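Report on the structure given below.
The values are calculated or read from the model by the stated rules, or taken from the named source; none is laboratory data. Quantities reported herein were computed from a predicted structural model and do not represent experimental measurements. Here Cβ is always computed from backbone atoms with ideal geometry, including for glycine, and neighbour counts include all displayed protein chains. Just so you know, the surface numbers come from the protein's heavy atoms only, side chains and all, with ligands and any DNA or RNA stripped out. Shrake-Rupley method; radii C 1.70, N 1.55, O 1.52, S 1.80 Å.
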Amino acid sequence: MNGREREILAGKKRFLELRARALGLIRIFFDREGFLEIQTPALTTAPAPEPHIKAIAAGGGRFLSTSPELYMKRLLAAGFDKIYQICPAFRSGERGRLHHPEFTILEWYRLGADYKTLQDDCLKLVRSVCESAGPGILQRRGDRVLDPFGDWGRITVRDAFERFAGWVPEANPDQDRFDTDLVEKIEPNLGFPTPCILEDYPAGQAALARLKPGDQETAERFELYWAGIELANGFSELTEPSEQRARFETAIKQMQAEGTRPNMPEAFLESLEYLAPCAGIAFGVDRFVMLLAGADDIDSVVAFPPEIA
Amino acid sequence: MGAVLTAGDLRKGTKLEIDGEPYLITDFEFSKPGKGQALYRCRLRNMITGIQFDRTYRSGDKFNSADLEEQGMQYLYNDGSVYHLMNTSSYEQIEMPADQVGDASNFLIENLNVSVLLFQGRPIGLTLPNFVELRITKSDPGIKGDTASGSTKPATLETGYVIQVPLFVEEGEVVRIDTRTGQYVERVKS
């Protein structure tokens, strides 16, 4: 260990203490709400096939988990009704101010609920942590102050595109145009000073969300933004096995064309036969702590960023 | 042709060839919206013209790294618009237009060893050593008695360029100059 590393780590102490406090408060929140903390495997044979999420092969036909989502839903299918997990997730090739190939994910799931209930959970969770995380949190970001306690923003994907990008995405928008405008024109406007919920995605951007009953062009999916930063992605879960299989097949085809060979998550698909209506969400712990800390990147709130890991 | 790079290889400082010209990534941000694709947002600077622009790349995009190399050269002479240099390993002579030499000409004297940046074998930039020693060809004597620290006077170098030197430095003396700041460092005993 050289002097430089000692200096950097010592400089992070305040942020790592805040991180520990936030993790403790998250657990207290979910315990109080009656959720059961779960641990699922980090090594898995079949991560959910999603075109833009690349799993890291771990040898022996296994992959490092890209998210605990499929295991969590297998537990729901067995009747666990309120569960949460805090764990590392691994995604190849992701490295930036807000991305590490290994990051900490918080996921929670509710049987018999939909994405609106999860939005309420987000509000209660964020406020609960901010209330108790101690003085000195949520310092100014540039000239902007962050406020979790005022009324939260809410906008549909359709309205956000119309307002900030000048066009309306239909059920299957051009993926390149959708992603580019989302990053460059929409995200920078969301979540000042209070968090903002961006909801009702086009069906083509549904991921593992169910479509809105009575509106097959819209998925019951939302993302939580704060200070222009995506904090969470949640949805009313798709529970229909044949529709889920069809979506995976489309994803696998696309991934094969790009040279990867993902496995079909058969055990998960089987469990869907028993899965009642439910909702689940993934929440970025590193980014949340970064915002609490008033830091500019997640490197600041992670003891060992990838380059020195 | 340089090595083939993918979008995942891009970083701040990466040098790319775009439309036959070398570009430096001066700012870089990795973005990935929700379940969407990775976007690699770059600010690029043309290494010849200095012109900057922003461009966003995607995962499938491929690039050629810019075919750049540094070569040690000795400066020979200039005929006004063209500077002549000699490669110190191959003894091959090259020419550089004055606008590519730029401000380096302020401190460039014959036989100085410099580093030349080549793009596909063509010179596009010249880097001086961090310190050069140059003779002062003209400088009025400092006013007697004015010894307040920080006092300086103009002095013309043998290249014709004028710098500020302390009052005690005299015409005909050799001084060391930091070429990165363009400032006087110390007097050199000759």
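Would you kindly give the portion of the calculated P(r) for chain A that falls above 37 Å, as a percent of all Cα pairs?
13 percent
By accessible area of protein heavy atoms, probe 1.4 Å, what ranking do B:LYS189, B:LYS12, A:LYS73 get, highest first? Kindly include the intermediate steps, with their values, before the conclusion.
Values: B:LYS189 200, B:LYS12 145, A:LYS73 0 Å².
Result of the area sort, largest leading: B:LYS189, B:LYS12, A:LYS73.
Here is the link list: A:LYS185/B:LYS62; B:LYS15/B:LYS62; A:LYS54/B:LYS32; A:LYS54/A:LYS185; A:LYS13/B:LYS32. Which ones come out longer than 18 Å on Cα distance?
Over 18 Å Cα-Cα: A:LYS185/B:LYS62; A:LYS54/A:LYS185; A:LYS13/B:LYS32.
Taking Rh as the Kirkwood radius computed over C-alpha pairs, what is the Stokes-Einstein D of chain B at 20 °C in a medium of viscosity 1.002 mPa s, expressed in µm² per second? Kindly include the intermediate steps, with their values, before the conclusion.
Values: Rh = 19.6 Å.
D, rounded to a whole number, is 110 µm²/s.
Can you tell me the Rg and the Dmax, both Å, for the Cα atoms in region B:4-65?
11.5, 39
Beyond 12 Å, what share of the Cα-Cα pairs of region B:131-187 is found? Please give it as a whole percent.
I get 61 percent for the Cα pairs in region B:131-187 exceeding 12 Å.
Quantify, in whole percent, the carbon and sulfur part of the accessible surface of the protein assembly as shown (1.4 Å probe; protein heavy atoms only).
Answer for the protein assembly as shown is 48 percent, counting heavy atoms of protein chains only.
Please check region B:38-63 for residues whose accessible area, probe 1.4 Å, is lower by 20 Å² or more when all protein chains are in place than in their chain alone.
B:LEU39, B:ARG41, B:THR56, B:ARG58
Rounded to the nearest 10 Å², what accessible area does A:TRP152 have for a 1.4 Å probe in the complete protein model?
Number for this one is 40 Å².
Would you please give the FRET efficiency between B:THR159 and A:ASP296, computed as 1/(1 + (r/R0)^6) with r the Cβ-Cβ distance and R0 = 56 Å, to the nearest 0.05?
0.80
Just how large is the dipole of chain B about the Cα centre, in debye to the nearest 20, putting +1 at every Lys and Arg Cβ and -1 at every Asp and Glu Cβ?
Values: 20 positive and 26 negative charges, 198 e Å.
Result for chain B is approximately 960 debye, rounded to the nearest 20.
Suppose every K and R has +1 on its Cβ and every D and E has -1 on its Cβ; what is the size of the dipole of region A:3-308 about the Cα centre, in Debye to the nearest 20?
960 debye
Taking N as the number of residues in region B:69-127, what value does Rg over Cα atoms divided by 2.2 N^0.38 Å take? Intermediate results must be reported in sequence, preceding the final value.
Working: Rg = 10.0 Å, N = 59, 2.2 N^0.38 = 10.4 Å.
Against the compact-globule rule of thumb, the ratio is 0.97.
Run the quick spin-label model on B:TYR77 and A:LYS82: label points 7 Å from Cα toward the beta carbon, then report their separation in nm to one decimal.
9.0 nm
Count, for each residue of A:46-52, the Cβ atoms from other chains sitting within 10 Å of its Cβ, then give me the mean as a whole number.
Other-chain Cβ atoms within 10 Å of each residue's Cβ, averaged: 2.
Across region B:65-77, in residue order, what do the Karplus-derived ³J(HN,Hα) couplings come to in whole Hz, using 6.51 cos²θ - 1.76 cosθ + 1.60 with θ = phi - 60° and x for Gly and Pro?
Result, ordered by residue: 5, 5, 7, 10, 8, 9, 10, x, 9, 10, 6, 9, 6 Hz.
Rolling a 1.4 angstrom probe over the protein heavy atoms, how many square angstrom per residue are accessible across chain A?
44 Å²
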